[in-house]
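First the structure, in the form of structure tokens, and then the observations on it.
The values are calculated or read from the model by the stated rules, or taken from the named source; none is laboratory data. On a predicted model such as this, the values are computed, not experimentally measured, just so you know. FYI the Cβ positions are ideal-geometry reconstructions off the backbone, even for glycines, and counts take in every protein chain you see. For accessibility, only protein heavy atoms count, side chains too; no ligands or nucleic acids. Shrake-Rupley method; radii C 1.70, N 1.55, O 1.52, S 1.80 Å.
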Amino acid sequence: MSGTCVIGLQWGDEAKGKLVDLLAPQFDLVVRYQGGANAGHTVVAGDEVYKLHHIPSGILHPEVQNLITPGVVINPTTMLDEINGLAKRGVICQDNLRISERAHLVMPWHMAEDKFINATVVRGESIGTTNRGIGPCYRDKVGRTHAIRMTDLVQSTRDERIGIVAEQKVTLLGNMGAPQEDLDEIAPDKIVALAASWADQLHGMIGDTTDFLLDACEADKRILFEGAQGALLDIDHGTFPFVTSSNSSGVGVCAGAGVPPRWINQVLGVCKAYSTRVGGGPFPTELEDETGDRIRKLGNEFGTTTGRPRRCGWFDAVAVRYTARLSGVTRLALMMMDVLSHLDELKVCVAYELDGERIERLPSHADQIRRCLPIYETIPGWKQPVDDVRSVDEFPAGALAYVKRIEELVGIPVGVLSVGPDRAQTVFTDAAAELSLQPLGPQ
Ligand code: GDP
Ligand code: IMO
Ligand code: MG
């Protein structure tokens, strides 16, 4: 059996969706295990561009079974929009998508509560969430008393249970000063009717995924776990409190999916050849200058979920070494190499200066990270387009020197290089063979 994970090593949007779609045909199952519609994973298939939020990025391959497991939080309205949008384009999720009955629901009150999170200044700035109700839903999951799960939709107690929670939420949000229009949205009658319509539309896809996945492991199936967000946004290990509310690093796979660690043997750590971040929080290598603007433009760095401009900066080898170790990464995938082709000179952060001292680890406190001054190594740009490169030996020497330096600094070999959004714009190095991933034939 091979359990392979695709994990983002920065602050999200590392192009996990592209890789998962590309690798999916080599697997029997693709599994989303944390996060929710805060994720925006782009898959480019020929002229078609798919932006997936809830649905695993293996969905374009009818022979691959896609699972949404207990650790994911689901907004049924946006999930149904996504399923219906895909159906209009000929992708029928009902055939190969199974949703865990244990997954928690993002309810309309969670969306209203997320506005309060974003209106709160924490350590000098707003978290800048995706406004998808993610934090409030996970908060209710851990709190238990107001949580609603997929399985509640298909129980005879559904209307009663949801009605009671809705009433309590109207009171709670009213006391918090929520505007009347938000309270109207969560009126108990309205929510009970909404839940009934969700159940009608989703019941065929809701079921057990935990035994299903364990059976697959024991039957020697090949399983690809699709991380959402990036490890620096991990609730326990990221740049807290400027993080998401789930374990988005490699350590989250087991708990979210419901698989013991023994079934995981490969971890592909995905990073951009530079860094981006969307939302608030410290970002030591951020470029608030013309070079940052250029990278944003060249890389089309605007959020897949919210459309917000992404903050751009140089590759941070200190942060990626940390997240790669934490996630158990066996190979790196270095994406967006084409974007750097246009720059005269590149910088890589090899250490930080914190309060006058050189350090080579990411501090734990957001205020300390904010005070970190990057110590850079400068590497000449290669100034040659690489979009059409299809094998390692076609890369300019300067590009390979950049890759080699990143491998040395992070301490892990690069198995995949990406030179554009298209499936074909991907190069597998010799190190990929050890990962048991093969380059695919012409797309
Ligand atoms: P994800 O959330 O990790 O799946 O990443 P997103 O889909 O949010 O953002 C990655 C963006 O980069 C998408 O628009 C991809 O189509 C695009 N992309 C993927 N790989 C490459 C690449 O190598 N070069 C360029 N220029 N774009 C890429
Ligand atoms: P994918 O899977 C980039 C960021 C938000 C915010 C913080 C908390 O596409 O890589 P949340 O809504 O989760 O409470 O927001 O996390 N964030 C992401 N940034 N890519 C994502 O997902 C993200 N999901 C959340 O911008 O800073
Ligand atoms: Mg994204």
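Only a single criterion out of (1) of a type outside the set (Val, Ile, Thr); (2) at negative phi; (3) in a loop (DSSP other than H, G, I, E, B) is not satisfied by residue 35, namely (2). Apart from one condition, residue 262 fits all of (1) at pLDDT 95 or above; (2) among the charged types (D, E, K, R); (3) more than 23 Å from residue 406 (Cβ to Cβ); the exception is (1). From the list 131, 175, the one residue that fits, being among the polar types (S, T, N, Q), modelled with pLDDT of 95 or more and on the phi > 0 side of the Ramachandran plot, is 131. Checking the stated criteria, residue 307 turns out to be out of contact with any strand residue (DSSP E or B) (no Cβ under 7 Å at 6 or more places or on another chain) and modelled with pLDDT under 95. Taking residue 292, is it open to solvent by less than 10 Å² (accessible area, probe 1.4 Å) and part of a helix (DSSP H, G or I)? For residue 292, the condition - open to solvent by less than 10 Å² (accessible area, probe 1.4 Å) and part of a helix (DSSP H, G or I) - is met. When the test is whether a residue is in the same structural domain as residue 284 (by TED's automatic domain parsing), within 23 Å of residue 293 (Cα to Cα) and within 16 Å of ligand 1 (Cβ to nearest atom), residue 341 passes it. Taking the listed residues 277, 311, the one that is open to solvent by 40 Å² or more (accessible area, probe 1.4 Å) and of a type outside the set (Asp, Glu) is 311, with no other qualifying.
Residue selection: residue 123 satisfies the criterion of being in contact with a helix residue (DSSP H, G or I) (Cβ under 7 Å, 6 or more places away or on another chain) and at pLDDT below 95.
Rundown of residues vs (1) in contact with a Ser or Thr (Cβ under 6 Å, 6 or more places away or on another chain); (2) more than 16 Å from ligand 2 (Cβ to nearest atom), yes/no style:
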site	(1), (2)
165	no, yes
211	no, yes
229	yes, no
248	no, no
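Residues considered: 259, 192, 253. Of these, the only one that is β-branched (Val, Ile, Thr), away from ligand 3 (no atom under 16 Å from the Cβ), part of a helix (DSSP H, G or I) and farther than 23 Å from residue 113 by Cα is 253. Only residues that are in contact with a Pro (Cβ under 9 Å, 6 or more places away or on another chain) and either assigned to a helix (DSSP H, G or I) or within 11 Å of ligand 2 (Cβ to nearest atom) (or both) were counted across the stretch 302-326, and they come to 3. Annotation: of all residues in the stretch 327-366 being in a loop (DSSP other than H, G, I, E, B), away from ligand 3 (no atom under 16 Å from the Cβ) and touching a strand residue (DSSP E or B) at 6+ places or on another chain (Cβ under 6 Å), the one that is most open to solvent (accessible area, probe 1.4 Å) is 360.
Of all residues in the stretch 1-10, exactly one satisfies the criterion of being more than 10 Å from ligand 1 (Cβ to nearest atom), touching a Lys or Arg at 6+ places or on another chain (Cβ under 7 Å) and not hydroxyl-bearing (Ser, Thr, Tyr), namely 1. Considering the stretch 239-264, and only residues there that are farther than 16 Å from residue 30 by Cα and free of Cβ contacts under 8 Å to residues at least 24 places away in the same chain, the residue that is most open to solvent (accessible area, probe 1.4 Å) turns out to be 262.
The set of residues in the stretch 376-412 that are open to solvent by less than 50 Å² (accessible area, probe 1.4 Å) and part of a loop (DSSP other than H, G, I, E, B) comprises 381, 382, 386, 389, 391, 395, 396, 412. Taking the conditions exactly as written (small (Gly, Ala, Ser), touching a residue at least 24 places away in the same chain (Cβ under 8 Å) and either open to solvent by 10 Å² or more (accessible area, probe 1.4 Å) or in a strand (DSSP E or B) (or both)), does residue 3 satisfy them or not? In short, yes.
With respect to the stated conditions, residue 108 is more than 20 Å from the chain's Cα centre (by Cα), surrounded by 18 or more Cβ atoms within 10 Å (Cβ to Cβ) and away from ligand 1 (no atom under 15 Å from the Cβ). Answer yes or no as to whether residue 49 is open to solvent by 10 Å² or more (accessible area, probe 1.4 Å) and either under 22 Å from residue 111 (Cα atoms) or of a type in the set (A, V, I, L, M) (or both). Answer is yes for this residue.
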